[in-house]
Structures are given as structure tokens and as C-alpha cells.
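Encoded as C-alpha cells, the structure appears first; notes follow it.
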Amino acid sequence: MTGTLEGRVALVTGGRGGTGRAVCRRFADEGAHVYAAGLSDDSPVGEEPAAGEFLRFDVTSEDEVVAGIAGIESAWGRLDIVVNAAGIEIEKTIEDTSREEWDRIFAINVTGTFLTSKHALPLLRRSDHAAIVNFGSYDGFIADPKLAAYCATKGAVHALTKAMACDHGPEGIRVNAICPGYIDTPMLEQFYPDHVELADAHAEAERIHPLGTIGTPTDMANLVHWLVSDEARYATGQLWVLDGGLSAQIQQMRF
């Protein structure tokens, strides 16, 4: 049976991270040739080898982004899909955030999205199925405490997504953003307080969600896959929140 992305060429930044790995796997399973861009090709201990052809580049380096995309052009002559999944989190208030930390998180989360998309556009114009998915966050709409810089970067990605969709829709390029909430990845584990056992932290995170559970990288990959597929041909310029209903409610006090 032919996959829904058969023959398409995809670039996923952060392709060896928690959600990026799941996106690469789903794309490969659907028949795409996947480039997993990142700084390291290492797979976590105990996990199966990651899917996709590893492409080393730092999203904050324009020279490396240009060189990486040039390699894809040489091999395929086009790009069909770009997923900007590279990102970091800094858990501080603005008062505690240094200028260097502020610049670094914007360089990765925002400038990386800008550079990758900018230099991928000429190849995306050659595709009949061109789609970009940026990684926003529910923290771009509301805020978790002590994530000031992170929240700011995700708000910027949301605005950039809408602008890109307007600018490049006439060229046949769709642009959307996925906005996850609590996803079971190493980044979420780093967010939990150090003095709380991981199982207890997970249980409390699940309690505050209407669905009673947190998301998985596979949940994210499923939505990303739909957004780049032909089934989503009329979807562009949207911020797709996938957070188990967390942002739909006012948190209830526990008595």
C-alpha cells in the first residue's frame, strides 16, 4: 500500500529530539525521504535507531543552513516538506534571564525557524505539495511561570507563521504551526521541579488535563503528518493547539 507521503522529500530540524524523532519516523513510514537535521546523530540508549538521513547543521548558523539545503537540492532538486521542530526552553523569569540566554533561545527557536524557512523556499516552490510546519506552543497564548523567554519566542513563531502563510500562499506553499502543551519528552522532564519524583510529577500533570493524560511525541507526529498531507490542502495560516484541553479551562483549585 502506497504511503500518503510517497516520494516526497522532507526536512525536519530537531530531527533527533523527542518529537522530531517521532515526526521523522512517521514521515518515513509514509514513504517520504526524510532529512533529520540537528547537531548530533546519537540515539538515546534503549531506543531504536532513528529514521531519516541525518543532516548536520546548526539552525542558528546561516552558512550551515545554506550548505545543508544545497545538499538536498543536489540530491533531489526540490523540497516538499519543512518541519521546524528545533527548540530549547529556559526556565527563568526575565529578571533572572541573562542577555546571552535571551539571545540564545531566540536564535534557536525563532531565528532558526526564519533561516531554515527562508533558504528552503526556493526548493519548496518546485513542489506541488509544499508545506511548512513550525513549532509554536500553547505557551505562545498563555504562560507557564518562569518561562518568560520561551513564551516570547513562541509568540514570535506564531506571528511569523501567519505572515509566511499570507506571503507564500499565492505560491502554493502552506504554512501552519503546531502548538503543543505538555508532551512526554526530556524537555518536559526538565520543567518539573527537581524535588518531585518523576512519577508524581507526571501524575500531577495528568490531573490538570481534561483528558487526564499528557501528550506523546506520536500524538504530535500524527498532527504534523496530517498538516503536510493532501488531506490538509485547504489548511494554512493556522495555529493548531494540541494540549489535551489544558488551555480550554481555568485551573481548578484542589481542596
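Residues that are among the basic types (K, R) and under 26 Å from E171 (Cβ atoms) do not occur anywhere in the range 37-57.
With a requirement of 1 or more residues that are without any contact (Cβ under 8 Å) to a residue 60 or more places away in the chain and among the charged types (D, E, K, R), the strands (runs of 3 or more DSSP E) lying completely within the range 43-153 that satisfy it span 53-56. When the test is whether a residue is touching a strand residue (DSSP E or B) at 6+ places or on another chain (Cβ under 8 Å), among the basic types (K, R) and either in the same structural domain as M164 (by TED's automatic domain parsing) or under 15 Å from G17 (Cα atoms) (or both), R126 does not pass it.
Within the range 219-250, being among the hydrophobic types (A, V, I, L, M, F, W, C), within 17 Å of the chain's Cα centre (by Cα) and farther than 21 Å from D139 by Cα holds for W226, V228.
Residues are listed down the side, and each one gets a yes or a no for (1) modelled with pLDDT under 95; (2) buried (at least 19 other Cβ atoms within 10 Å of the Cβ):
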site: D41; (1), (2): yes, no
site: A50; (1), (2): yes, yes
site: T60; (1), (2): no, no
site: A70; (1), (2): no, no
site: S74; (1), (2): no, no
site: E101; (1), (2): no, no
site: T116; (1), (2): no, yes
site: L123; (1), (2): no, yes
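Among the residues of the range 231-238, are any outside any loop (DSSP other than H, G, I, E, B), closer than 20 Å to T116 by Cα and at pLDDT 95 or above?
For the range 231-238, residues outside any loop (DSSP other than H, G, I, E, B), closer than 20 Å to T116 by Cα and at pLDDT 95 or above: absent.
Name the residue, out of T4, T13, that is touching a strand residue (DSSP E or B) at 6+ places or on another chain (Cβ under 8 Å), touching a residue at least 60 places away in the same chain (Cβ under 8 Å) and under 18 Å from V224 (Cβ atoms).
One residue alone meets the criteria, T13.
The values are calculated or read from the model by the stated rules, or taken from the named source; none is laboratory data. Keep in mind that this is a model prediction, so the values were computed, not measured. As a convention, Cβ positions derive from the backbone with ideal geometry for all residues, glycine included, and neighbour counts pool all protein chains shown.
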